[in-house]
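Structure record follows, encoded as structure tokens.
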Amino acid sequence: MTIIVKKFGGTSVGSLQRIHAAATRVATFRSKHPDAQIVVVASAMSGETDRLLSLARNLTQNTYPRELDAVAATGEQVSCALLAMALEDAGVPAISLNAFQLPILTDQQHQSAHIERISSERVQNELAQGKTVVVTGFQGITAGGDLTTLGRGGSDISAVALAAALRAEACYIYTDVDGVYSADPRIVKQPRRMGKVSHEEMLELASLGAKVLHPRSVFFAMRYKVPLVVLSSFSHGGGTWIVSEDRIMEKPSIVGIAYRLDEAKLTVERLSSTSQPLKLIFSALAKEQIGLDMITQTGYSNGHTDISFNVPDEKSERALHIVQQLVPELGARGASLERDLARVSVVGAGIRYHADVAARVFSLLAGEGIDVRMISTSDIRISVVVPRKYCEVAVRVLHDGLIDLSETPGEIPVESVSVPAV
Ligand code: ASP
Ligand code: MG
């Protein structure tokens, strides 16, 4: 039997009325596809996780990660039980299950736990009895029996991981937008909804700032080849499929422009060698959980060189402090910080096939007089770091210059994926 996972985000279960609407949608799908077994994953009602966490924050200045997870996990418990009742009311036999009832086993990193294993037996048994199973997103449990959560926005990860564990045909993600767009509609006037993108492209977009899916959920989908479809729970039609690259028959193109505003650039000046200092710098920052990337080496002269890299803006003062303390040991002249930067990224398999994309990116930016501070590329991405005040202009000019609007999809091209239409 075909298993379909349907994930409803916080806004899609944000009120009792929305919960009824979600249940109706599942009921309609079920009557159209009587052969499909359905697993629903839901987030907490919108605003609920914030509310729960602020209760704890208002209670105490201290953080108790284990207890915070126990508090936060209740949000999904409520929405899922309510959704199961609404499904029963809509004529769909249903049962809600908490992550610990499966269980969904995670490591012990409270508030950002990683899924290690999912036992799907209980779910399979309930499905075999004709039930639609509603599973809590976001939650997990450690081998020792403590509740965990996967980090904010983590219900996407639960849904895709469950789809992988159940070998589901597809995972439908219902949210408040009707698909994945080529750019943020607040910046670009007419972004195009993509009909289909590859897991790889979506992983880049999600990691580089597109908010529609949690990056780790896309990683799971790519690794286990789970087709995803992003849909609006507020309207019918539309949608974006996210599938393995080998299922995309269209010509490779540029699929989207993503951006992040939280960038800063740290420079260490006049190093006489690179490997050893870099080892020291990177391990000191890693110890403080400060991630970095886009490492560049510049200004090589007389055996000396400058090293620059990106750090998240909010952690940049801390990073500077750590590196400054290392300066004597590194034999460097000093360290400096440039804040208020943004990263704008062009994503698409087209970059791999068309050698002129990079030239077009820089000529479009030059046309606007935008100075590029750092560059990094992969075969499906070109990222540039620019002063934050130019971010919007950069997104707009790159979008207008690189995205082919004539390719706007009609309805979802379902023919290449073996799952039923929505
Ligand atoms: N309820 C959790 C949150 O608000 C998880 C999610 O919505 O995906 O972050
Ligand atoms: Mg979300």
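The values are calculated or read from the model by the stated rules, or taken from the named source; none is laboratory data. Note that the structure is predicted; figures quoted are calculated from it, not measured. Here the Cβ positions follow ideal geometry from the backbone for every residue, glycine too, while neighbour counts run over all protein chains shown.
Being more than 16 Å from ligand 1 (Cβ to nearest atom), in a helix (DSSP H, G or I) and under 24 Å from Pro34 (Cα atoms) is the filter here, so list the residues in the range 1-23 that pass it.
His20, Ala21, Ala23
Does the range 123-140 include one or more residues that are more than 20 Å from Cys171 (Cβ to Cβ) and within 16 Å of ligand 1 (Cβ to nearest atom)?
no
For Ile115, all conditions in the list (1) surrounded by fewer than 24 Cβ atoms within 10 Å (Cβ to Cβ); (2) under 23 Å from Met1 (Cα atoms); (3) in contact with a Ser or Thr (Cβ under 9 Å, 6 or more places away or on another chain) hold save one; what is the number of the exception?
(2)
Hey, can you tell me all the residues within the range 37-54 that are of a type in the set (Ser, Thr, Tyr) and buried (at least 24 other Cβ atoms within 10 Å of the Cβ)?
The answer is Ser43, Thr49.
Filter the range 101-119 down to residues that are within 24 Å of Ala86 (Cβ to Cβ) and polar (S, T, N, Q), then give me how many there are.
Number of matching residues: 1.
Hey, can you tell me all the residues within the range 120-165 that are without any contact (Cβ under 8 Å) to a residue 40 or more places away in the chain and closer than 17 Å to Phe220 by Cβ?
Within the range 120-165, no residue meets the criteria.
Scan the range 207-214 and give yes if some residue there is crowded, with 22+ Cβ neighbours inside 10 Å, among the hydroxyl-bearing types (Ser, Thr, Tyr), within 20 Å of Gly151 (Cα to Cα) and in contact with a helix residue (DSSP H, G or I) (Cβ under 8 Å, 6 or more places away or on another chain), otherwise no.
No, the range 207-214 contains no residue that is crowded, with 22+ Cβ neighbours inside 10 Å, among the hydroxyl-bearing types (Ser, Thr, Tyr), within 20 Å of Gly151 (Cα to Cα) and in contact with a helix residue (DSSP H, G or I) (Cβ under 8 Å, 6 or more places away or on another chain).
In this structure, does Leu266 turn out to be more than 21 Å from the chain's Cα centre (by Cα) and not acidic (Asp, Glu)?
Taking the combined requirement at face value, the residue satisfies it.
What number of residues within the range 143-166 are in a loop (DSSP other than H, G, I, E, B) and either near ligand 1 (Cβ under 8 Å from one of its atoms) or of a type in the set (A, V, I, L, M, F, W, C) (or both)?
The total comes to 7.
For the range 20-36, which residues satisfy the criterion of being crowded, with 22+ Cβ neighbours inside 10 Å and either touching a Lys or Arg at 6+ places or on another chain (Cβ under 9 Å) or not small (Gly, Ala, Ser) (or both)?
Ala22, Val26
Take Val180 and tell me if it is within 14 Å of ligand 2 (Cβ to nearest atom) and either without any contact (Cβ under 8 Å) to a residue 12 or more places away in the chain or under 22 Å from Val5 (Cα atoms) (or both).
Answer is yes for this residue.
Which of the residues spanning the range 293-333 are of a type in the set (A, V, I, L, M, F, W, C), under 28 Å from the mean Cα position of the chain (by Cα) and surrounded by fewer than 18 Cβ atoms within 10 Å (Cβ to Cβ)?
Ile295
Determine which member of the set Pro215, Pro185 is more than 21 Å from Ala22 (Cβ to Cβ), at pLDDT below 95 and more than 16 Å from ligand 2 (Cβ to nearest atom).
One residue alone meets the criteria, Pro185.
Confirm whether Ala86 is buried (at least 16 other Cβ atoms within 10 Å of the Cβ) and away from ligand 1 (no atom under 16 Å from the Cβ).
yes
Residue by residue through the range 32-79, note down the ones that are among the hydrophobic types (A, V, I, L, M, F, W, C) and either touching a Phe, Trp or Tyr at 6+ places or on another chain (Cβ under 8 Å) or assigned to a loop (DSSP other than H, G, I, E, B) (or both).
Ala36, Ile38, Val40, Val41, Ala42, Ala44, Met45, Ala56, Ala72, Ala73
Would you list the strands (runs of 3 or more DSSP E) that sit entirely within the range 199-280 and hold 1 or more residues that are away from ligand 1 (no atom under 16 Å from the Cβ), in contact (Cβ under 8 Å) with a residue 40 or more places away in the chain and closer than 30 Å to Ala332 by Cβ?
256-271
So which residues in the range 108-142 are out of contact with any strand residue (DSSP E or B) (no Cβ under 7 Å at 6 or more places or on another chain) and part of a helix (DSSP H, G or I)?
Glu121, Gln124, Asn125, Ala128
Give the residue that is farthest from the chain's Cα centre (by Cα), with candidates limited to residues of the range 181-232 that are more than 28 Å from Ser112 (Cβ to Cβ) and of a type in the set (Ser, Thr, Tyr).
Ranking the qualifying residues of the range 181-232, first place goes to Ser232.
List, please: which pairs have Cβ atoms under 7 Å, are six or more places apart or on different chains, and start with a residue in the range 45-67 that is more than 26 Å from Leu82 (Cβ to Cβ) and within 16 Å of ligand 1 (Cβ to nearest atom) and end with one that is of a type in the set (S, T, N, Q) and not in a helix (DSSP H, G or I)?
Every condition considered, the pairs that remain are Pro65/Gln111.
Could you pull out the residue among Ile173, Ile141 that is within 13 Å of ligand 2 (Cβ to nearest atom) and crowded, with 19+ Cβ neighbours inside 10 Å?
After ruling out the rest, the residue left standing is Ile173.
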